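Reading through the structure tokens given below for one structure.
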Amino acid sequence: MPAIIDGKAISAQIKDEVKERVSALKAEGTEVCLAVIQVGNDPASTVYVGNKKKACEYCGIRSESYELAEDTSEDDLIALIDRLNADKAVNGILVQLPLPSHINEDRVIMAIDPTKDVDGFSVNSVGALCIGRKGYRSCTPAGIIELLKRSNIDITGKECVVIGRSNIVGKPMALMMLQENATVTIAHSKTKDLPSVTKRADILIVAVGKPKMIKADFVKEGAVVIDVGIHRDENNKLCGDVDFDDVAPKCSYITPVPGGVGPMTIAMLMHNCVEGA
Ligand code: NDP
């Protein structure tokens, strides 16, 4: 059986490291502060925002909460971001996505000062990653790099296949694996004969957004499999994009859902906040 990569334990380790850094900064007179903006009351977003605030509390990061009505205009939202950009006491600004359909997400993300873009979604942050400069890294892929490194999985020279090319997971993930010297392939919905591509992978990272789509015949014997997906199955149980029971016996390492990639996203957000300070 494979080794199960314990995202819960690794994320707890990272949050403890952040907590120490936050307390050292406090001792020097610097407080770390994250502003969290939610527009509307999508129940999933409310849960995510609540978890982020809880993590801030654990790490000693002050969180400022802005809960705006569903019909808030794009201009009013951007005016709030401008105010937070100018506020020296705020180190990080997070706008919970998705935003209501009348608001242009790209314009909102671009309004955040790049030095406070702790989600790492802005063109500046992605551009910095692309050319190998310092900058905020998108939290989910950055968390996966930490999972691999802290599990002592060697990345250099490995064949890595990333399924998915979204701006928040697939693309930054591929760039980060490239930066770690993997040989990287990105697969997507137009990829022909997906299993023949994924079977090349020493490290297979799945961010396809389809419950239990990846079966054993997509995976090379001994591969490391990282599952980014989060869904509810027919029994209302959490599951990933990977059919865990089918795939696990073939892997050397695998992340479970829940308890794999999920907890890392918030831990890396906390890490980015303290970097911002
Ligand atoms: P998107 O829906 O934005 O992207 C999915 C990607 O998968 C697209 O690039 C799409 O290709 C590709 N794809 C879809 N169907 C196929 C197929 N049949 N074969 C090959 N590729 C396919 O999703 P996200 O990247 O935002 O998220 C992916 C998953 O990760 C979701 O389940 C999401 O809930 C989860 N997630 C989890 C997080 C966490 O903290 N654990 C954080 C963020 C996301 P194309 O571009 O051609 O359409």
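The values are calculated or read from the model by the stated rules, or taken from the named source; none is laboratory data. Not measured: the values here are computed from a predicted model. Heads up, the Cβs are rebuilt from the backbone with ideal geometry, glycines too, and the neighbour counts pull from every protein chain shown.
Data for the structure
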quantity	calculated
Residue within the range 224-234 that is away from the ligand (no atom under 13 Å from the Cβ) and part of a loop (DSSP other than H, G, I, E, B) present	yes
Residue list for the range 171-199, restricted to those being over 18 Å from GLY135 (Cα atoms), within 14 Å of the ligand (Cβ to nearest atom) and under 20 Å from the mean Cα position of the chain (by Cα)	THR185, ILE186, ALA187, HIS188
Number of positions in the range 245-276 that are surrounded by fewer than 18 Cβ atoms within 10 Å (Cβ to Cβ), small (Gly, Ala, Ser) and touching a helix residue (DSSP H, G or I) at 6+ places or on another chain (Cβ under 8 Å)	1
Per-region count, the range 79-89, residues under 24 Å from the mean Cα position of the chain (by Cα) and more than 18 Å from SER63 (Cβ to Cβ)	0
Enumeration of residues in the range 259-277 that are in a loop (DSSP other than H, G, I, E, B), more than 9 Å from the ligand (Cβ to nearest atom) and modelled with pLDDT of 95 or more	GLY259
Residue match in the range 13-24 (condition: buried (at least 18 other Cβ atoms within 10 Å of the Cβ), among the hydrophobic types (A, V, I, L, M, F, W, C) and in contact with a His (Cβ under 8 Å, 6 or more places away or on another chain))	yes
Residue match in the range 200-208 (condition: more than 14 Å from the ligand (Cβ to nearest atom), crowded, with 18+ Cβ neighbours inside 10 Å and at pLDDT 95 or above)	yes
Index of the failed condition, THR183 passing every other in (1) surrounded by fewer than 24 Cβ atoms within 10 Å (Cβ to Cβ); (2) hydroxyl-bearing (Ser, Thr, Tyr); (3) under 15 Å from ILE4 (Cβ atoms)	(3)
Count of the range 242-262 residues which are farther than 17 Å from MET213 by Cβ and over 17 Å from the mean Cα position of the chain (by Cα)	3
Exclusive hit being over 22 Å from SER138 (Cβ atoms) and either modelled with pLDDT of 95 or more or of a type outside the set (A, V, I, L, M) (or both), set ASP227, ASP246	ASP246
Lone qualifier among ILE145, ILE153 - being touching a helix residue (DSSP H, G or I) at 6+ places or on another chain (Cβ under 7 Å) and within 15 Å of ILE205 (Cα to Cα)	ILE145
Any chance VAL95 is closer than 19 Å to THR140 by Cα and β-branched (Val, Ile, Thr)	yes
Qualifying residue in the range 79-93 (condition: closer than 20 Å to ILE14 by Cβ and buried (at least 19 other Cβ atoms within 10 Å of the Cβ))	yes
Hits in the range 39-48 (condition: touching a residue at least 40 places away in the same chain (Cβ under 8 Å) and surrounded by fewer than 20 Cβ atoms within 10 Å (Cβ to Cβ))	GLY40, ASP42, SER45, TYR48
Selection count, the range 113-165, where residues are more than 16 Å from the chain's Cα centre (by Cα) and not charged (D, E, K, R)	17
Given (1) touching a residue at least 40 places away in the same chain (Cβ under 8 Å); (2) closer than 21 Å to GLU17 by Cα, index of the condition PRO98 fails	(2)
Subset of the range 206-223 [under 21 Å from ALA182 (Cβ atoms) and outside any helix (DSSP H, G or I)]	VAL206, ALA207, VAL208, ILE214, VAL219, LYS220, GLU221, GLY222, ALA223
Matching helices (runs of 4 or more DSSP H) fully within the range 56-167 where at least 2 residues are away from the ligand (no atom under 16 Å from the Cβ) and not aliphatic (A, V, I, L, M)	74-86, 123-130, 139-150
